[in-house]
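What follows is one structure encoded as structure tokens, with my remarks underneath.
The values are calculated or read from the model by the stated rules, or taken from the named source; none is laboratory data. Quantities reported herein were computed from a predicted structural model and do not represent experimental measurements. Cβ placement follows ideal geometry from the backbone for every residue including glycine, while neighbour counts extend to all protein chains displayed.
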Amino acid sequence: MGDPGWETSGEDTITTQPLAAMTWEEARDAAGPGSVAVLPVGAIEAHGPHLPLETDVIIARAMARAGGDRLAARGLRVVVLPALTYTAAAFAQGFAGTLSLRPETVTATVLDIAGSLARHGFGVLAIANAHLDPGHLASLEEAVTLIRRDLRLAVAFPNLAARPWALRLSEEFRSGACHAGQFETSIVLAERPELVRVAAMAALPANPASLSRAIRDGRRSFEDAGGPRAYFGFPARATAEEGRATVEALGAILDEAVGGEPT
């Protein structure tokens, strides 16, 4: 986005706060120049036999927290919105527990959220997205276009599936074999270890099938892409240490997308 040119006075209290826990007066005071509203975006969908359906939501919240801390350290007022947990998840809809919305519903929802933020004076919407279903990503891209055009609200949306952001992440992630694999499992081990079925994780064989390549080839489901148990990659290699490092990398990406210097 480039430098948004915000200035804050020495009297400003710079913190990262959850919007839902604030009063309306606190939210009013948090808005204005130098304010960033971070929207974590995930999904409720199958993530192998070892991770919870809310895996993407856990990752998005971690990215929002880490990015928000960096933004606040630069002197911006940051609020973290409640996560958007329902979205388009067509690739996983053959698996029990997956909840999928129509793409147009997702676009309309994000646009309406942004409309409220703009109306109340927030300066930037930053989207911390951890769900890479192609229909979902297209919905977010459409929402971002409409927000910028119709609401005149600045939006930072680092699409992790595209350059330059994908190059900042792990080798497994870049290979495309990364749904419920080492990359995502490591983050859940770091953030919510009690939700990882560790015995199942350790017993899973590697699945190096590239989900991103399958999408380019026109596949439309995890099953067709070579993931009959809804995972891709190397989950047995996951560690909490890698997960913590990845969360920091995701936070740096969000910070940079809003206008910080590369780190």
With the condition kept exactly as written, say whether any residue in the range 142-164 is modelled with pLDDT of 95 or more, surrounded by 21 or more Cβ atoms within 10 Å (Cβ to Cβ), of a type in the set (Phe, Trp, Tyr) and in a helix (DSSP H, G or I). no
Can we say ALA154 is in contact with a Pro (Cβ under 6 Å, 6 or more places away or on another chain), of a type in the set (A, V, I, L, M, F, W, C) and farther than 15 Å from ILE59 by Cβ? no
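Within the range 198-255, count every residue that is in a loop (DSSP other than H, G, I, E, B) and either charged (D, E, K, R) or within 30 Å of THR16 (Cβ to Cβ) (or both).
Kept after step one, since they are in a loop (DSSP other than H, G, I, E, B), are these residues of the range 198-255: 204-206, 208-210, 217-221, 226-232, 234, 238-239.
Those left that are additionally either charged (D, E, K, R) or within 30 Å of THR16 (Cβ to Cβ) (or both): 217, 219-220, 229, 238-239.
Final tally of qualifying residues: 6.
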For the condition of a type in the set (Ser, Thr, Tyr), modelled with pLDDT of 95 or more and in contact with a helix residue (DSSP H, G or I) (Cβ under 9 Å, 6 or more places away or on another chain), what is the one hit in SER186, SER212? SER186
The range 98-114 - residue that is touching a strand residue (DSSP E or B) at 6+ places or on another chain (Cβ under 9 Å) and farther than 23 Å from SER212 by Cα and, of those, surrounded by the fewest Cβ atoms within 10 Å (Cβ to Cβ): THR105
Any residue at all in the range 115-123 that's in contact (Cβ under 8 Å) with a residue 24 or more places away in the chain, out of contact with any strand residue (DSSP E or B) (no Cβ under 6 Å at 6 or more places or on another chain) and not hydrophobic (A, V, I, L, M, F, W, C)? yes
